Amino acid sequence: MVDPSRSEGGQRYYSDEDVHRLSLLHRAVEEGRNISQVAGLSTVELLALVEEDRVERRGPRLPEPSEGAPVSSVLEQAKGAVKKMDPARLERILTRGAMAFSVPTLTDEVLVPLLASIGSSWRGGALGVAQEHLASVVIRRFLEWLLSTVDSGDLGSVFVSTTPAQERHEFGALLSAVSAAAAGWKAVYLGPDLPASEIVAAVIRLEAKVLALSLVDPALGATFPRELAELQGALPESVRMVVGGPGEVISPLREEFPDIELMTGLQELRDSVRLGG
């Protein structure tokens, strides 16, 4: 875990020790270590681990995004790892992407198209259920790590993200939390499939300023309006509610909920939380 200091304007400043630690984490993951296993190690322990791996190197290095590979190359490498059911390589590729690119570039140009590709390939039969599930496990774990890495700690206003009852597709909510954290908010991801009463209780307890919901499943089109109406009626007036998802899900809600910020992309969310934060 790296905890950079911040300027009065909210910009992160990384010390030499922070940069050294990030480099060691990068090298440990490169050698096949799981990020969840090494993130909690001290810098001294990481240094010893990296030296051990240097002595007993496990094989040829993969191309480094930081060495000039375009973001499209990282996306293709990730797709290849999904197809080959290689979770360790997929995690290495994503972690290298986190080291090489900004959070918006990583989310918009790697993670979102990767998830879209996995979904369409699964629906079309090009990927099996096991491949889709395995990739989802790795991506979920990576996003949770990324959220903890970019989290502003106790410095920012609270941004809560989740999905309403019956909506189990959680990546949109996770991506929104990561995007908010990168913008300086203290982002709290509650997990998916929560009833309105539980969401409201959490928002009040956390004194959140923003509640972000991800709506993805078109089959829940009749359920979403009821959930949004209940939330809108129970949330404190000081809480902004932003709702994101694909156009086919979001568009039918615009007329019924003109006071809710409805959006179809992460850039809209970033603009909203930057201007409104």
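The values are calculated or read from the model by the stated rules, or taken from the named source; none is laboratory data. All values reported here derive from a predicted model rather than from experimental measurement. Reconstructed Cβ throughout: ideal geometry from the backbone, glycine too, with neighbour counts over all protein chains shown. For accessibility, only protein heavy atoms count, side chains too; no ligands or nucleic acids. Shrake-Rupley method; radii C 1.70, N 1.55, O 1.52, S 1.80 Å.
Taking the range 82-127 as the range and being touching a Phe, Trp or Tyr at 6+ places or on another chain (Cβ under 8 Å) and open to solvent by 30 Å² or more (accessible area, probe 1.4 Å) as the test, the residues that pass are 109, 115. Those strands (runs of 3 or more DSSP E) of the range 146-249 that lie entirely within it include none in which at least 1 residues are loosely packed, with under 14 Cβ neighbours inside 10 Å and among the charged types (D, E, K, R).
Considering the range 28-45, and only residues there that are in a helix (DSSP H, G or I) and within 12 Å of residue 93 (Cα to Cα), the residue that is most open to solvent (accessible area, probe 1.4 Å) turns out to be 30.
When the range 227-264 is filtered for residues that are within 14 Å of residue 176 (Cβ to Cβ) and of a type in the set (Val, Ile, Thr), the ones remaining, listed by number, are 242, 243, 250, 264. Condition (residue is among the small types (Gly, Ala, Ser) and touching a Lys or Arg at 6+ places or on another chain (Cβ under 7 Å)) applied to the range 161-175: is it met by at least one residue? Scanning the range 161-175 turns up no residue that is among the small types (Gly, Ala, Ser) and touching a Lys or Arg at 6+ places or on another chain (Cβ under 7 Å).
Let's see how each residue does on (1) closer than 24 Å to residue 268 by Cβ; (2) modelled with pLDDT under 95; (3) in contact with a strand residue (DSSP E or B) (Cβ under 7 Å, 6 or more places away or on another chain):
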position	(1), (2), (3)
103	yes, yes, no
110	yes, no, no
114	yes, no, no
117	yes, no, no
156	yes, yes, yes
164	yes, no, yes
168	yes, no, no
